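Enquirer: Starting off with a structure, shown below.
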Protein chains: 2
Amino acid sequence: MITLYQQHDSGNCYKVRLALSHLGLPFRTVAVSSLDGSTRRPEFLVKNPIGKVPTIAFEDGRCLAESNAILLYLAEGTLLLPADRYDRGKTYEWLFFEQYSHEPAIAVRRALSVYPQRRAEATPARMAQLLEAGNRALGVMEQRLAGAAWLAGDAFSVADISLYAYTHGAADGGFDLAACPAVQTWLARVAALPGHVPIDAV
Amino acid sequence: MITLYQQHDSGNCYKVRLALSHLGLPFRTVAVSSLDGSTRRPEFLVKNPIGKVPTIAFEDGRCLAESNAILLYLAEGTLLLPADRYDRGKTYEWLFFEQYSHEPAIAVRRALSVYPQRRAEATPARMAQLLEAGNRALGVMEQRLAGAAWLAGDAFSVADISLYAYTHGAADGGFDLAACPAVQTWLARVAALPGHVPIDAV
């Protein structure tokens, strides 16, 4: 059985639980967090030298980190990764967009808003810059979803799982989705799928 | 033939030229850059709504963006992507590490150091923070390469291509590789491969 080292309310960790749920794979969780320093302890750093969650461990002890890398690993050979080569390429594109242009704005603005430990970083200039970058990322999603049901190809994939994680909680970071009706419809479409689990489900 | 929209001295664009060279695939290039605003022009935004290079276009007009997504697309079914599932997962892990923890420090510090258009952003606090984050990323690479010839699995892969691009020019951003002897040896190992091309090759 897979062991998921995670902080439960992290969107990056939620992505992995969502994929495991859609694939019907059993797993157990172990709580580790940057907020209490446990991701920097030696016993965790041997699992992931970058000291970040999510990290998964297989039964043989080997580990894999980076949320979107875990998604791709789990999705290979399943319906969560498009069979068409170009659509698979677009899936990769959305996953890297998520980690470079979406998560660093939307997830970080949420973290600076909700975690008292990080409130000192929430300067007005930083928050304004994160708002602008996050709205730009949401605009890119809106442009795609105004003309398509799913982000990559014509079916639900790990691209949707990855982008759902922080988009569905964007309001926690002060983002207003009123200007993104297609994104809102897509969020409801994802949440209505069989196998979907909310972020706060145990 | 593939068309590569690129800024020639960008490491992200260099990654794609390196992969195309190793795979022996013919391509043509078109110069587009954020420095002169051409990545924000409407005729480029229809190719890539995020307005970034590299972007590749296929003969049928369809496009693909995000450097590491292009690498994965090109590498599928070739020796540049490990055949073993776990090693492929580690390849994904290194590619996301590159875009989240390595490029935003090492490439950005280089850009703030070498492009006059970006010098105003190079405040002492920003440069110190980028130096620390970049050295942390280099330390993660050093830890792996002290005990292995290649980043993922036991052969050269797109993980090496991706990390080579900005690591080999890290000195331009003020990074000192003296503390990373295994990284230095790996850089020489990559550069000695048949099919390798330097970043300034036309």
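The values are calculated or read from the model by the stated rules, or taken from the named source; none is laboratory data. If you're wondering where the values come from, they're calculated on a predicted model, not measured in any experiment. Note that we place each Cβ from the backbone using ideal geometry, even for glycine, and neighbour counts take in every protein chain shown.
Enquirer: If the Cβ limit is 9 Å and pairs must be 6+ apart or interchain, which residue in region B:86-104 that is more than 8 Å from chain A (Cβ to nearest Cβ) and in contact (Cβ under 8 Å) with a residue 40 or more places away in the chain pairs with which residue that is among the β-branched types (Val, Ile, Thr) and surrounded by fewer than 23 Cβ atoms within 10 Å (Cβ to Cβ)?
Expert: That search, which allows pairs on different chains as well, returns B:102/B:140.
Enquirer: Ok, one more. Are any residues in region B:141-179 among the aliphatic types (A, V, I, L, M), surrounded by fewer than 21 Cβ atoms within 10 Å (Cβ to Cβ) and either within 26 Å of residue B:111 (Cα to Cα) or free of Cβ contacts under 8 Å to residues at least 40 places away in the same chain (or both), and if so, which ones?
Expert: B:146, B:148, B:171, B:177, B:178, B:179
Enquirer: When you scan region A:122-140, do you find a residue that is crowded, with 17+ Cβ neighbours inside 10 Å, within 9 Å of another protein chain (Cβ to nearest Cβ) and within 19 Å of residue B:51 (Cβ to Cβ), even just one?
Expert: Yes, that holds for at least one residue.
Enquirer: Any residue at all in region A:16-27 that's in a helix (DSSP H, G or I), among the hydroxyl-bearing types (Ser, Thr, Tyr) and surrounded by fewer than 20 Cβ atoms within 10 Å (Cβ to Cβ)?
Expert: Checking region A:16-27: at least one residue is in a helix (DSSP H, G or I), among the hydroxyl-bearing types (Ser, Thr, Tyr) and surrounded by fewer than 20 Cβ atoms within 10 Å (Cβ to Cβ).
Enquirer: Just give me the residues in region A:173-202 being at pLDDT 95 or above and charged (D, E, K, R), in sequence order.
Expert: Result: A:176, A:189.
Enquirer: Is it true that some residue in region B:38-55 is without any contact (Cβ under 8 Å) to a residue 60 or more places away in the chain, under 25 Å from residue B:22 (Cα atoms), more than 10 Å from every other protein chain (Cβ to nearest Cβ) and of a type in the set (Gly, Ala, Ser)?
Expert: No, region B:38-55 has no match at all.
Enquirer: Only one of B:41, B:88, B:110 is of a type outside the set (A, V, I, L, M, F, W, C) and surrounded by fewer than 21 Cβ atoms within 10 Å (Cβ to Cβ); which?
Expert: None of the others qualify; the one that does is B:41.
Enquirer: Further question on the same structure: Name every residue in region A:60-71 that is under 17 Å from the mean Cα position of the chain (by Cα) and either assigned by TED's automatic domain parsing to the domain that holds residue A:92 or more than 18 Å from residue A:164 (Cβ to Cβ) (or both), in order of residue number.
Expert: Selection gives A:64, A:65.
Enquirer: Which ones in region A:13-41 are of a type outside the set (Ser, Thr, Tyr), touching a helix residue (DSSP H, G or I) at 6+ places or on another chain (Cβ under 7 Å) and over 16 Å from residue A:202 (Cα atoms)?
Expert: The answer is A:23, A:35.
Enquirer: Quick one: residue B:115 ticks every box in (1) more than 7 Å from every other protein chain (Cβ to nearest Cβ); (2) in contact with a Ser or Thr (Cβ under 8 Å, 6 or more places away or on another chain); (3) not hydrophobic (A, V, I, L, M, F, W, C) bar one, so which box is it?
Expert: (2)
Enquirer: How about region B:42-59: which of its residues are in contact with a helix residue (DSSP H, G or I) (Cβ under 9 Å, 6 or more places away or on another chain) and either assigned by TED's automatic domain parsing to the domain that holds residue B:150 or not in a strand (DSSP E or B) (or both)?
Expert: B:44, B:45, B:48, B:49, B:50, B:51, B:52, B:53, B:54, B:58
Enquirer: If you don't mind, there's one more thing I want to ask. Which fully enclosed helices (runs of 4 or more DSSP H) of region B:111-202 have 2 or more residues being touching a Gly at 6+ places or on another chain (Cβ under 9 Å), assigned by TED's automatic domain parsing to the domain that holds residue B:99 and aliphatic (A, V, I, L, M)?
Expert: B:124-145, B:158-167
Enquirer: How many of the residues making up region B:74-85 are buried (at least 21 other Cβ atoms within 10 Å of the Cβ) and assigned to a helix (DSSP H, G or I)?
Expert: Result for region B:74-85: 2.
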